[in-house]
Amino acid sequence: QVQLVESGGGLVQAGGSLRLSCAASGSISSITAMAWYRQAPGKQREFVAAITSGGTSNYADSVKGRFTISRNSAKNTAYLQMNSLKPEDTAVYYCSAQTLSRAYWGQGTPVTVSS
């Protein structure tokens, strides 16, 4: 089992920055990748960014060049640095940890970007 706790969400003006954190606990050694997803009101959950245990990352086209995913293995924490935020980035952001058998999800942290 893996438990995930997100933090760092909040209200920010357009053009501003936020850094989300995702602290993992439990069967940490089973995690092969960590990712961030988001779900805006009335929309489906969508992929934002992911990073493998080897450090390879990939991003949704909508956030490339603005968001950066990273992980600190010593702290069992993944981060999402979000710069140049836009109102369309407003959503609940969810952390996900992938193992060989399943994906685990955090409870989500809300991000609101005002224009």
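The values are calculated or read from the model by the stated rules, or taken from the named source; none is laboratory data. None of these values were measured; they are calculated from a predicted model. So basically every Cβ, Gly included, is an ideal-geometry build from the backbone, and we count neighbours across all protein chains shown. For the accessible areas, the whole protein counts, side chains as well, though only heavy atoms, and no ligand, DNA or RNA atoms are used. Shrake-Rupley method; radii C 1.70, N 1.55, O 1.52, S 1.80 Å.
General observations
- Across region 99-114, the number of residues qualifying as more than 12 Å from Ala35 (Cα to Cα) and open to solvent by 30 Å² or more (accessible area, probe 1.4 Å) comes to 7.
- Residue count for region 73-93, restricted to those that are under 21 Å from Val113 (Cβ atoms) and surrounded by fewer than 17 Cβ atoms within 10 Å (Cβ to Cβ): 6
- Residue in region 87-97 that is within 29 Å of Ser30 (Cα to Cα) and not in a strand (DSSP E or B) present: no
- Within this structure, Gln1 passes the test of being under 20 Å from Arg102 (Cα atoms) and open to solvent by 50 Å² or more (accessible area, probe 1.4 Å).
- Met34 vs. criteria buried (at least 21 other Cβ atoms within 10 Å of the Cβ), more than 17 Å from Leu4 (Cα to Cα) and under 12 Å from the mean Cα position of the chain (by Cα): no
- From the list Ser70, Ser96, the lone residue that is within 19 Å of Gly8 (Cβ to Cβ), crowded, with 16+ Cβ neighbours inside 10 Å, within 10 Å of the chain's Cα centre (by Cα) and polar (S, T, N, Q) is Ser96.
- Hey, Ala24 in a strand (DSSP E or B), closer than 22 Å to Thr112 by Cα and modelled with pLDDT of 95 or more or not: no
Residue-by-condition table, conditions (1) touching a helix residue (DSSP H, G or I) at 6+ places or on another chain (Cβ under 8 Å); (2) touching a residue at least 60 places away in the same chain (Cβ under 8 Å); (3) closer than 19 Å to Gln3 by Cβ:
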site: Gly15; (1), (2), (3): no, yes, no
site: Leu18; (1), (2), (3): no, yes, no
site: Cys22; (1), (2), (3): no, yes, yes
site: Ile28; (1), (2), (3): no, no, yes
site: Pro41; (1), (2), (3): no, no, no
site: Thr56; (1), (2), (3): no, no, no
site: Thr68; (1), (2), (3): no, no, no
site: Asn72; (1), (2), (3): no, no, yes
site: Ala97; (1), (2), (3): no, yes, yes
